[in-house]
1. Tell me, which residue of segment 180-196 that is closer than 16 Å to Cys146 by Cα and in contact with a helix residue (DSSP H, G or I) (Cβ under 8 Å, 6 or more places away or on another chain) is nearest to the ligand (Cβ to nearest atom)?
2. Can you find even one residue in segment 201-209 that is of a type in the set (Asp, Glu), over 17 Å from Ala249 (Cβ atoms), within 13 Å of the ligand (Cβ to nearest atom) and part of a loop (DSSP other than H, G, I, E, B)?
3. I'd like the full set of residues that are small (Gly, Ala, Ser) and either farther than 24 Å from Lys148 by Cα or free of Cβ contacts under 8 Å to residues at least 12 places away in the same chain (or both), limited to segment 38-59.
4. Pick out the one residue from Asp156, Asp119 that is open to solvent by 50 Å² or more (accessible area, probe 1.4 Å), away from the ligand (no atom under 16 Å from the Cβ) and at pLDDT 95 or above.
5. Looking at segment 159-179, which of its residues are more than 9 Å from the ligand (Cβ to nearest atom) and either in contact with a helix residue (DSSP H, G or I) (Cβ under 8 Å, 6 or more places away or on another chain) or of a type outside the set (D, E, K, R) (or both)?
6. If the Cβ limit is 7 Å and pairs must be 6+ apart or interchain, which residue in segment 186-200 that is open to solvent by less than 30 Å² (accessible area, probe 1.4 Å) pairs with which residue that is more than 11 Å from the ligand (Cβ to nearest atom) and among the charged types (D, E, K, R)?
7. What are the residue pairs meeting all of these: first residue in segment 232-260, first residue outside any loop (DSSP other than H, G, I, E, B), second residue polar (S, T, N, Q) and more than 16 Å from the ligand (Cβ to nearest atom), Cβ atoms under 7 Å, and 6 or more apart or on different chains?
8. Can you report the number of residues in segment 162-174 which are open to solvent by less than 60 Å² (accessible area, probe 1.4 Å) and in contact (Cβ under 8 Å) with a residue 40 or more places away in the chain?
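The values are calculated or read from the model by the stated rules, or taken from the named source; none is laboratory data. All of these numbers come straight from a predicted model, not from anything done at the bench. Glycine also receives a Cβ, built like all others from the backbone with ideal geometry; neighbour counts cover every protein chain displayed. When the accessible area is computed, the model is the full protein with side chains, heavy atoms only, and any ligands, DNA or RNA have been set aside. Shrake-Rupley method; radii C 1.70, N 1.55, O 1.52, S 1.80 Å.
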Amino acid sequence: MSAKLIKGPEVAAAIREQIAEELVTLKEKTGKVPGLAVILVGEDPASKAYVGNKEKTSKALGFNSVVQRVPVETTQEELLKMIDAYNNDDDIQGILVQLPLPDHIEEKAVIDAISVEKDVDGFHPINVGNLMIGDDCYIPCTPHGCMKMLEYIGFDLKGKNAVVVGRSNIVGKPVALLLLQQHASVTICHSRTADLGAVCREADVLVVAVGRPEMITGDMIKPGAVVIDVGINRVNDKLVGDVHFESAAQKASYITPVPGGVGPMTITMLMLNTMEAFKRKHNIK
Ligand code: NDP
């Protein structure tokens with residue numbers, strides 16, 4: 001079997017088109033556009049690139065894009081003040097502080113400071129709790145992107161076995177909850193899972209978010225499974241996923257490539273969450 005590709009740029013473009021269309025109506029109704037504030041502390045090259053892409057996408061869609069780049073010496077107190085100002089800014093509906101933060105700033109204090117209504121990353125404990133109980137919330141962007149990719153190929157999760165490898169708060173756990181909401185039977189694996197291969201071979205859908213290059217190989221994949229590879233690893237100046245693409249593609253029915261898979265979805269989902277925040281603010285369903 002040779003798997004079909006689920007192409008991130010293609011799925012993301014379709015969603016951006018929907019956002020652009022809806023934005024026209026929202027602008028007519030309110031006379032305003034969604035506002036997204038991104039704060040970058042320091043000069044980490046990967047973070048700079050991510051923030052640059054967020055700014056570009058946000059502007060291209062016609063959002064009100066505000067990016068605040070502050071030096072690495074910025075104190076936690078100063079950062080919390082900036083967040084507070086955006087919490088109280090009526091032109092801003094989404095706030096994102098680029099992670100990771102320098103060591104002298106406590107990540108939890110920063111996440112907790114963002115207003116729940118403006119937490120478009122979906123990391124605030126109240127949003128996390130609401131995701132858990134299936135209530136209204138902002139869904140974290142990468143897991144949301146994974147689910148949109150499954151939706152795009154028309155995959156019905158009801159009654160299927162889903163296996164998630166990785167249990168981080170930003171990918172593994174939320175994606176497992178979302179799969180469960182769609183009525184899959186979900187198993188979460190991690191570094192202490194005994195016989196990972198045997199568990200993965202039961203998966204009709206396998207979502208891998210580990211951060212170990214090409215760890216999941218074709219022999220760990222059930223014939224016909226759908227494989228979503230969230231991993232992004234730089235090996236010898238080349239990007240590879242957590243799944244060994246060539247061997248996995250021989251077994252899977254669908255697979256996301258790296259690069260060009262889940263990666264491009266994340267920013268698009270951030271834009272979708274920001275538009276959702278704008279609609280909530282203006283009581284638009
Ligand atoms: P974390 O490091 O936070 O979590 C990794 C998880 O993998 C942990 O739960 C860990 O288990 C598990 N793990 C580690 N080694 C093994 C192993 N040998 N067998 C089974 N499980 C293992 O990573 P993230 O979730 O933040 O990111 C995962 C990957 O996804 C990275 O490559 C990252 O770059 C990428 N990523 C991509 C995004 C995008 O496409 N936009 C966004 C976010 C992440 P344990 O809990 O036991 O330690």
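1. Residue satisfying both the conditions and the ranking: Ile188.
2. Checked against the condition, which is being of a type in the set (Asp, Glu), over 17 Å from Ala249 (Cβ atoms), within 13 Å of the ligand (Cβ to nearest atom) and part of a loop (DSSP other than H, G, I, E, B), segment 201-209 yields no hits at all.
3. Gly42, Ala46, Ser47, Ala49, Gly52
4. Testing whether each residue is open to solvent by 50 Å² or more (accessible area, probe 1.4 Å), away from the ligand (no atom under 16 Å from the Cβ) and at pLDDT 95 or above leaves just Asp156.
5. Of everything in segment 159-179, those that are more than 9 Å from the ligand (Cβ to nearest atom) and either in contact with a helix residue (DSSP H, G or I) (Cβ under 8 Å, 6 or more places away or on another chain) or of a type outside the set (D, E, K, R) (or both) turn out to be Gly159, Asn161, Ala162, Val163, Val164, Pro174, Val175, Ala176, Leu177, Leu178, Leu179.
6. Pairs found: Gly197/Asp219.
7. Final answer for the pair search is Ala249/Ser2; Gln250/Ser2.
8. Final tally of qualifying residues: 8.
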